[in-house]
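> For reference, the structure I am asking about is given below.
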Amino acid sequence: MAGPLRRRLPPLPLLLLAAGGLRAAERSGGSSSAMEELATEKEAEESHRQDSVSLLTFILLLTLTILTIWLFKHRRVRFLHETGLAMIYGLIVGVILRYGTPSTSGHDKPFSCSQEDRPFTTLLVNVSGKFFEYTLKGEISPGKIHNVEQNDMLRKVTFDPEVFFNILLPPIIFHAGYSLKKRHFFRNLGSILAYAFLGTAVSCFIIGNLMYGVVKLMKLVGQLSDKFYYTDCLLFGAIISATDPVTVLAIFNELHADVDLYALLFGESVLNDAVAIVLSSSIVAYQPTGENTHAFDAAAFFKSVGVFLGIFSGSFMMGAVTGVVTALVTKFTKLHCFPLLETALFFLMSWSTFLLAEACGFTGVVAVLFCGITQAHYTYNNLSVESRSRTKQLFEVLHFLAENFIFSYMGLALFTFQKHIFSPVFIIGAFVAIFLGRAAHIYPLSFLLNLGRRHKISWSFQHMMMFSGLRGAMAFALAIRDTATYSHQMMFSTTLLIVFFTVWIVGGGTTPMLSWLNIRVGVDPDQDPPPSNDSFQVLQGDGQDSARRNRTKQESAWLFRLWYSFDHNYLKPILTHSGPPLTTTLPSWCGLIARCLTSPQVYDNQEQLREEDSDFILNDGDLTVTYGDTTITANGSSGPHTATTNLDSRRTKSSSEEALERDLGAADHEVTSRGTRLVFPLEYNA
């Protein structure tokens with residue numbers, strides 16, 4: 001539980017309660033001390049057994065989901081994704097637990113503490129001179145006072161929301177950053193940032209204001225039984241703006257859909273989760289001064305904006321610093337000689353980033369995301385070959401299990417959660433608000449972005465992005481984190497239904513939508529489509545490779561390219577075993593520091609790079625082939641016999657540009673034929 005309910009009971013108020021109102025008193029009355037100890041041991045053993053059964057239930061759910069996924073892949077079934085399967089199995093188990101398991105025999109009897117104005121987390125109860133400790137489970141509505149918590153199994157399978165944030169979310173978010181395809185991501189970086197930051201804010205405020213109108217309507221027709229403030233509506237807008245198109249992206253990956261569309265959706269969803277959680281924290285921090293604490297106040301508004309910027313930037317710095325520290329440790333130690341220790345350290349440093357950010361008051365989701373990106377960019381290069389494979393497989397497995405666990409729990413929570421509040425008006429209004437918020441998010445931003453993009457975001461892409469705005473694990477985790485009030489309980493129940501609908505209906509309609517919008521599939525995700533010009537090419541593969549390199553360089557965000565020169569010349573040599581030696585990039589008076597920070601492997605890699613540059617890396621304008629008395633270049637021009645390869649001009653190209661091409665995945669492995677110097681690209685699997 002979150003908030004003030006975490007406070008333990010102060011030592012001052014020890015509540016002395018009558019024995020007749022408690023089961024403990026009923027069991028202890030007239031029995032000996034030995035019988036009491038035996039009963040306590042049996043109760044502890046029964047609780048342990050129920051804990052084991054609840055965990056076994058989730059493991060069996062995941063096992064059944066995996067086997068069904070295999071069957072679906074074997075039969076090439078695409079109308080239902082694995083997350084949808086996990087939700088269905090969770091629903092089935094939830095029905096069984098809710099209606100098929102017997103209730104406990106004992107009944108708790110309520111008693112009154114009218115002198116206390118707030119609940120305590122822990123109660124110390126004096127029963128016949130013996131003190132018993134009771135912990136707070138939550139508030140119970142008066143109508144459910146006699147039938148709640150009668151099923152021990154339902155209580156066991158209801159997890160603390162902190163389990164989702166501290167255990168299940170970190171591997172999901174870290175894997176998103178660690179497995180990021182940099183070339184396609186940075187090619188569309190400007191558009192991704194616009195969709196993730198500006199788009200999420202627009203969606204949040206549109207949904208929040210529309211839902212405030214729905215709440216006013218509910219109050220007018222008498223369907224609102226408790227308080228529902230404007231800030232609650234904005235919080236719901238932030239929660240439900242967290243998109244998670246895991247189903248759509250999985251189908252895109254399986255069908256090899258257009259790489260730019262995949263990059264836009266994936267990049268938006270990765271950063272969108274981080275923005276949504278920081279935005280929700282900022283809305284919670286909105287506290288106007290005066291009597292009406294939910295009215296608009298300019299000072300409180302700007303304070304919330306400051307909280308947003310402070311939390312996001314602080315979380316970003318914490319994640320990046322943790323990744324840098326890990327890179328330095330793996331570079332200046334001999335951990336690569338012990339792959340098991342290396343993998344263990346990598347895992348612990350990555351996970352601790354999330355907990356460290358949360359402990360410092362920042363957002364762990366943002367920190368662990370940028371930690372994953374930093375680890376992939378720097379630390380990964382320092383790991384041994386075995387550790388590289390281990391870390392990728394480890395976080396891929398953890399991501400798969402955690403994600404399917406959350407979706408299974410969603411299905412389970414529909415029947416095991418005790419505080420559901422379903423309002424048809426609120427639910428219908430939420431669906432309409434989400435549709436309008438997504439439309440206002442995608443289409444206007446796409447129009448503005450197309451004004452400055454060389455390759456426009458087509459209408460088919462925009463329609464697909466509009467359709468693919470699924471809600472998933474992040475929206476569920478944000479909604480379940482605080483269900484203490486009436487408004488938050490209604491928001492959680494509505495979020496759960498929205499996730500069900502988008503995963504089943506929208507996710508299942510992805511393949512037909514791709515066909516209807518004529519979006520090309522069957523494209524290698526690591527390569528771009530062939531060029532559309534009719535220029536003469538010596539070999540088709542070489543023209544594709546060169547055009548892809550040029551396109552990547554031209555379309556990578558200018559801010560990224562500006563930073564990349566600094567990164568390649570200074571950060572990479574300091575943090576990894578790659579890049580140019582610092583002795584060549586730092587001033588001469590920094591020679592001692594440069595020699596200390598530059599590893600010996602850098603000189604070996606630099607010599608190897610120099611040889612590869614002269615033999616393998618060519619541009620279209622650098623390649624000429626002679627036929628008789630005519631010289632034909634890669635762009636189709638011809639002239640007298642002057643067989644050249646322009647290697648001198650190629651050697652003058654800056655090393656940072658060459659490294660940019662390699663790091664963004666634009667360069668393939670190539671071999672050369674010394675006679676005509678034709679370049680043959682080999683198939684490369686990243």
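> Based on the Kirkwood radius over alpha-carbon pairs, what value in µm²/s does the Stokes-Einstein equation return for the translational diffusion coefficient of segment 468-513 at 10 °C and 1.306 mPa s?
Working: Rh = 11.2 Å.
D = 142 µm²/s.
> Let me ask you something else. For a protection proxy built on the mean count of beta-carbon atoms within 10 angstrom, sort 127-133, 313-319, 409-415 highest first, please. All intermediate terms of the calculation are to be shown ahead of the outcome.
Details: 127-133: 11.3, 313-319: 21.1, 409-415: 23.3.
Ranking, from highest mean packing down: 409-415, 313-319, 127-133.
> Please go through the residue pairs Lys392/Lys456; Lys73/Lys182; Lys216/Lys419; Lys331/Lys392 and name each one whose alpha carbons sit more than 30 Å apart in this structure. Don't jump to the answer; show the numbers that get you there.
Numbers: Lys392/Lys456 34 Å; Lys73/Lys182 28 Å; Lys216/Lys419 23 Å; Lys331/Lys392 19 Å.
Pairs exceeding 30 Å: Lys392/Lys456.
> Spelling out what I want: for every residue of segment 459-473, take phi, set θ = phi - 60°, compute 6.51 cos²θ - 1.76 cosθ + 1.60 (Karplus), and round to whole Hz; glycine and proline get x.
4, 5, 5, 5, 4, 5, 5, 4, 6, 8, x, 6, 10, x, 4
> For segment 186-198, just list the computed ³J(HN,Hα) in residue order, Karplus coefficients 6.51, -1.76 and 1.60, θ = phi - 60°, integers in Hz, with x standing in for Gly and Pro.
6, 4, 10, 4, x, 5, 5, 5, 5, 5, 6, 8, 5
> Here's a follow-up. How large, in Å, is segment 267-388 by the Kirkwood hydrodynamic radius built from its alpha-carbon pairs?
On the way: mean 1/r = 0.0631 Å⁻¹.
Result for segment 267-388 stands at 15.9 Å.
> In bins 5 Å wide, starting from 0, what share of all Cα pairs of segment 198-346 does each bin hold, as a percent?
Calculated P(r), rounded to whole percents: 2, 8, 12, 13, 12, 12, 12, 10, 7, 5, 3, 2, 1, 0, 0.
> Excluding ligands and nucleic acids, what accessible area in Å² is computed for Leu592 using a 1.4 Å probe, to the nearest 10?
Answer for Leu592: close to 120 Å² accessible.
> How many nm separate the modelled label positions at Val95 and Leu67, each set 7 Å beyond the Cα in the direction of the Cβ?
2.0
> Between Ala44 and Ala440, how many nm apart are label points set 7 Å from Cα along the C-beta direction?
Placing both labels 7 Å beyond Cα along the Cβ direction yields 5.8 nm.
> Which whole-Hz couplings ³J(HN,Hα) result when phi for each residue of segment 410-415 is put into the Karplus expression 6.51 cos²θ - 1.76 cosθ + 1.60, θ = phi - 60°, listed in order with x for Gly and Pro?
4, x, 5, 5, 4, 10
The values are calculated or read from the model by the stated rules, or taken from the named source; none is laboratory data. If you're wondering where the values come from, they're calculated on a predicted model, not measured in any experiment. Using ideal geometry, Cβ is built from the backbone for each residue, glycine included, and neighbour counts are taken over all protein chains shown. For the accessible areas, the whole protein counts, side chains as well, though only heavy atoms, and no ligand, DNA or RNA atoms are used. Shrake-Rupley method; radii C 1.70, N 1.55, O 1.52, S 1.80 Å.
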